[in-house]
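**Student:** Below you'll find the structure I mean.
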Amino acid sequence: MPPLSRDLIGGATALLLAAAYLALAVQIRSSARDDAIGAAGLPKILGVAMLALALVLLLRTGLAWLRAGRALAAPAEGGQAVPARRQILRASGLVAIGILYLLIVPHVGYLPAITLLILAVAAYQGATPSWRLAGISIAGALVLWLFFGLLLGIPMPGGAIAHWF
Amino acid sequence: METLAEVGAQLLSWQLLLAAFIGVAWGVVGGALPGISPSISMALLLPFTYALEPTPAIVLLAAVYVGAEYGGSIPAILIRTPGTNAAAATVIDGYEMNLQGKAGLALGISLYSGVIGSLFGLLVLMLLSEPLAKVALAFTPPAYFGLGVLGLSIVASLSGESLLKGFMACLLGLMVATIGTDPVTGGNRFTFGYPDLLGGVAPILIMVGLFALTELFAQAAIPGEGNRVRSSPRIRLPDWPLARRLIPSQLIGCVLGSFEGVTPGGGGTVAAFISYNEARRWSRHKEEFGKGSPEGVAAPETANNVVAETALVPLLSFGVPGSNSAAVLMGGFLIHGLLPGPMLFQRSADVVYGLYAGLFAASLFQLAVAFVILPTCIWLVNRPKPYLTAFIYALVFSGVYSINHSLFDLGVVLIAGVVGLFMRLLRFPILPTVLGVVLGFMIESNYRRSLVLSGDSHMIFLTDPIALGLLIFSAIVVLGSLARHVYDRNRKPAGPAAAVKEG
């Protein structure tokens, strides 16, 4: 991603974040126990500071864009946009596997869910689907379960299936 | 001298040595698992101490603390995941060394520096407990505020190519730190009705998300990202020229770790980051920092291992546990009918000497334990990338769940990972965000407590000598970093300068 696009997206995102944060900060209720600063004091300061810095970043980017000239900046951005989108899409797959794990683990329990997680991530990252991959996934899940569940005694999610037995 | 003789005599006890060995081994493994903090590792062994004599019981717990502080550096170096909060600064250069195929050396430097830090911290604990305890007592809310600001002052030098983006990243961290219960009024802020957010967002969740998951997502997103030279599964301790080069950074870690350790709540994270920054400032090889500098591993690792020992000063001197780990250790004392504090030295001096002896043994046992465990760890991270990624993902999820037994925490870590990926793509540095999250609560709560104490007068920060000193030093650090940044930029207008590459 070219620097100008990067900073433009970064500045705009920070601006939105600051605005949302400030909007929530002003809604923080004051209390009879409030000190001089109050519960909303620091959040307001942080929100305003982020807003100001985001504006500076956008302004700086705008000036740089003007200096570089639209003709120079536009093709470069257009040419690079696809790889950036692809990068995000590739990463989104891994994020989606994580979200799926979060959704299924309360139902199927830790051991099956973590086995599926290992299997899915390894396959997504290029491991050839095979019995070997399945074996490694099961072995990895067992090692983790033995360590966290058995040795450390951490109550890993049992899942709804565990209640049937 | 008398103390040393007593400690020497205690070292003949096989029970004590066994407790120290088991404690260190458990601590290293616990510290190496993301999510299992030193205090959790200690708490898991607490029930076993009932059956032990008081001295081996206390030594067992203290040795876990020592081992866990070292263990945190293992995943920091190998998989870019700090096993403990204090290992966050080790990620910067440790992981870079790993990418260059120098994992064995990075782990060796971390081990060697950790042992030096532990032994130095023990010496300080034995010989300077009394004067250092006075320093701890002198730390009032304004001084803690100053300490927090000092920690935050290194943001400018961790910002990489853009100071502006560094400050914005830091603000993001400070914003995250405001989530939860207000430290003064007890009101809720940004909790959106989720009870899981009432206690705030634990810094370790943000660190694991920003470091570990961001790295995994980036490896999935960017072809070639994370590809590295395979490391030999051998631990390499530094040779003499390198060991000599590391001395200044280790000294910095020793001094800063000693002071941070004795201040209740100061903690190893702040010590590690400040030591890293100071090591870079005084290094002859500044340009290597952020690109796999051995000093960048040595300074924070020395500091956080010193802290593991000196954090016991307030506990032993006043009975004040300055950290979660010290609180668990205090629990160990109480189980055996021992009350930490000034009278402990008179009523149960043998336990105190036993503790010193156990800590000494534990510091040395780190070497033995590491030489057994680390080759396996390096072998594991040399496995094919798809399997490694999958196992790290599963390990992170399992470790994070084990902190609070909460699936909500996994969601927080996932969000932090996604935010980290976007920060990386948009070239925002991650370290200032981590610092903001770690220090935000400390700064705000102590700032407001100071104002409550002074009747809303800011003069309290000028009349408290420690606060004033720390704030002046912070200003010097910020101005120095800004000046260096401007100088570097003018000298190399087109390049990213000697910035911290932390992606």
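**Student:** Over the Cα atoms of the stretch B:1-77, what Rg and Dmax result, in angstrom?
**Tutor:** So, for the stretch B:1-77, Rg and Dmax equal 13.4, 41 Å respectively.
**Student:** Over all alpha-carbon pairs in the stretch B:247-367, figure out the percentage whose distance exceeds 22 Å.
**Tutor:** Considering the stretch B:247-367, 41 percent of its Cα-Cα pairs are separated by more than 22 Å.
**Student:** Would you please calculate the Kirkwood hydrodynamic radius of chain B over all C-alpha pairs and express it in Å, rounded to one decimal? Walk me through the numbers before you get to the answer.
**Tutor:** Numbers: mean 1/r = 0.0441 Å⁻¹.
Averaging 1/r across every pair of different Cα atoms and inverting gives 22.7 Å.
**Student:** Compute the orientation-averaged projected area for the stretch A:81-165 from the convex hull of its Cα atoms and round it to one decimal in nm².
**Tutor:** Values: hull surface 26.8 nm².
Across all orientations, the stretch A:81-165 yields a mean hull projection of 6.7 nm².
**Student:** Would you please classify the overall shape of the stretch B:40-188 from the alpha carbon gyration tensor, given that a ≥ b ≥ c denote the square roots of the eigenvalues, rounded means a/c under 1.5, and beyond that prolate means a/b larger than b/c while oblate covers the rest? Before the final figure, lay out each step's value.
**Tutor:** Working: a/c = 1.68, a/b = 1.18, b/c = 1.43.
Since a/c reaches 1.5 but b/c is at least a/b, the shape of the stretch B:40-188 is classed as oblate.
**Student:** Give the calculated FRET efficiency between A:ALA68 and A:ALA19 to the nearest 0.05, with a Förster radius of 22 Å applied to their Cβ-Cβ distance. If you can, show how the numbers build up before the last one.
**Tutor:** Numbers: r = 28 Å, r/R0 = 1.27.
Efficiency, from the Cβ-Cβ distance: 0.20.
**Student:** For the stretch B:318-468, just say rounded, prolate or oblate: build the C-alpha gyration tensor, square-root its eigenvalues into a ≥ b ≥ c, call rounded for a/c under 1.5, and beyond that prolate if a/b exceeds b/c, oblate if not. Before the final figure, lay out the partial values.
**Tutor:** Numbers: a/c = 2.33, a/b = 1.15, b/c = 2.02.
Oblate shape, in that a/c is at least 1.5 and b/c is the bigger or equal ratio.
**Student:** Let me ask another. Would you tell me the mean number of C-beta atoms belonging to other protein chains that fall within 10 Å of each C-beta in B:22-33, as a whole number? Present the calculation step by step, with values, prior to reporting the outcome.
**Tutor:** Details: counts 0, 0, 0, 0, 0, 0, 0, 3, 1, 0, 0, 4.
Average neighbour count from other chains, rounded to a whole number: 1.
**Student:** A further question follows. Obtain the radius of gyration and the Kirkwood radius of the stretch B:389-451 from its C-alpha atoms and give Rg over Rh. Each step should come with its number before you reach the end.
**Tutor:** On the way: Rg = 15.3 Å, Rh = 13.9 Å.
Dividing the radius of gyration by the Kirkwood radius yields 1.10.
**Student:** A further question follows. For every other residue with a beta carbon closer than 13 angstrom to the beta carbon of B:PRO238, add +1 if it is Lys or Arg and -1 if Asp or Glu, then tell me the sum. Provide the component values of the computation, followed by the final result.
**Tutor:** Working: positive: B:LYS102, B:ARG236, B:ARG244, B:ARG245; negative: B:ASP239, B:GLU295, B:GLU301.
That works out to +1.
**Student:** Still on this structure: Per residue, how many Å² of accessible area does chain B show with a 1.4 Å probe? Can you show the working numbers first?
**Tutor:** On the way: 17560 Å² over 503 residues.
Averaged over the residues of chain B, the accessible area is 35 Å².
**Student:** Show me the ranking of peptides B:460-466, A:7-13, B:118-124 by mean Cβ neighbours inside 10 Å, starting with the highest.
**Tutor:** B:118-124, A:7-13, B:460-466
**Student:** How charged is the neighbourhood of B:SER450? Take every other residue with its Cβ under 13 Å from the Cβ of B:SER450, and add Lys/Arg as +1 and Asp/Glu as -1. Walk me through the numbers on the way to the answer.
**Tutor:** Values: positive: B:ARG448, B:ARG449; negative: A:ASP35, B:GLU444, B:ASP456, B:ASP464.
Computed value for this residue: -2.
**Student:** Next up: So if I average 1/r over every pair of distinct C-alpha atoms in the protein assembly as shown and take the inverse, what Kirkwood radius in Å does that give?
**Tutor:** Details: mean 1/r = 0.0391 Å⁻¹.
Averaging 1/r across every pair of different Cα atoms and inverting gives 25.6 Å.
**Student:** State, to one decimal in nm², a quarter of the convex hull surface area for the C-alpha atoms of the stretch B:76-128, i.e. the direction-averaged projected area. Don't skip to the answer; put the middle values down first.
**Tutor:** Numbers: hull surface 15.1 nm².
Averaging across all directions leaves 3.8 nm² for the Cα convex hull.
**Student:** Across peptide B:392-403, how many C-beta atoms of other chains are within 10 Å of each residue C-beta, on average? Write out the running numbers ahead of the final one.
**Tutor:** Details: counts 1, 11, 13, 7, 1, 9, 12, 4, 0, 8, 8, 1.
If you average over the peptide's residues, the count of other-chain Cβ atoms is 6.
**Student:** List the pairs from B:LYS165/B:LYS291; B:LYS134/B:LYS165; A:LYS44/B:LYS134 whose alpha-carbon separation is above 32 Å, in the order I gave them. All intermediate terms of the calculation are to be shown ahead of the outcome.
**Tutor:** Working: B:LYS165/B:LYS291 20 Å; B:LYS134/B:LYS165 40 Å; A:LYS44/B:LYS134 37 Å.
Going by Cα-Cα distance, B:LYS134/B:LYS165; A:LYS44/B:LYS134 fall outside the 32 Å limit.
**Student:** Here is a follow-up. For B:LEU198 paired with B:GLN346, estimate the spin-label separation in nm (one decimal), with each label point 7 Å from Cα along the Cα-to-Cβ line.
**Tutor:** My value for the distance between the label points is 4.3 nm.
**Student:** Once you sort the root eigenvalues of the Cα gyration tensor of the stretch A:1-68 as a ≥ b ≥ c, which label holds: rounded (a/c under 1.5), prolate (a/b larger than b/c) or oblate (the other case)? Could the numbers behind the result be given before it?
**Tutor:** Values: a/c = 5.16, a/b = 3.36, b/c = 1.53.
In terms of gyration-tensor shape, prolate.
**Student:** Counting protein heavy atoms only and a 1.4 angstrom probe, how many square angstrom of accessible surface do chains A and B bury in total, to the nearest 100?
**Tutor:** Working: alone 11810 and 20310 Å², together 26790 Å².
Buried area between the two chains comes out at roughly 5300 Å².
**Student:** Per residue of A:116-128, count partner chain C-beta atoms within 10 Å of its C-beta, then hand back the mean as an integer. The partial results should precede the final answer.
**Tutor:** Numbers: counts 0, 6, 8, 1, 2, 10, 10, 2, 4, 11, 5, 6, 1.
Average neighbour count from other chains, rounded to a whole number: 5.
**Student:** Excluding B:GLU309 itself, what net charge comes from residues whose Cβ is under 14 Å from its Cβ, given Lys and Arg +1 and Asp and Glu -1?
**Tutor:** Values: positive: none; negative: B:GLU69, B:GLU260, B:GLU301.
Summing Lys/Arg as +1 and Asp/Glu as -1 gives -3.
**Student:** Based on the mean of other beta carbon atoms within 10 Å per residue, what is the order of B:91-100, B:311-320, B:285-294, most packed first?
**Tutor:** Details: B:91-100: 25.8, B:311-320: 23.2, B:285-294: 19.5.
The densest-packed peptide leads the list: B:91-100, B:311-320, B:285-294.
**Student:** Between the alpha-carbon centers of the stretch A:4-51 and the stretch B:438-462, tell me the distance in whole angstrom.
**Tutor:** 20 Å
**Student:** Just subtract the alpha-carbon distance of B:ASP456 and B:ASP239 from 0.36 nm times their residue separation and send over the number in nm, one decimal. Let's see the in-between values first.
**Tutor:** Details: separation 217, 0.36 × 217 = 78.12 nm, distance 5.56 nm.
Extending this stretch completely gives an extra 72.6 nm.
**Student:** Also: In whole percent, how big is the carbon plus sulfur part of the accessible area of the protein assembly as shown, probe 1.4 Å, protein atoms only?
**Tutor:** Working: 18670 of 26790 Å².
C and S fraction of accessible area: 70 percent.
**Student:** What number, rounded to the nearest 500 deg cm²/dmol, is the helix-based mean residue ellipticity at 222 nm of the protein assembly as shown, given -39500 (n - 2.57) per DSSP H run of at least four residues and division by all its residues?
**Tutor:** Values: 31 runs with 483 residues, N = 668.
That comes out to -24000 deg cm²/dmol.
The values are calculated or read from the model by the stated rules, or taken from the named source; none is laboratory data. Because the structure is predicted, anything quoted here is derived from the model rather than measured. With ideal geometry, Cβ positions are generated from the backbone for all residues, glycine too; neighbour counts draw on all protein chains shown. The area values use the complete protein model at the heavy-atom level, side chains included, leaving out ligands, DNA and RNA. Shrake-Rupley method; radii C 1.70, N 1.55, O 1.52, S 1.80 Å.
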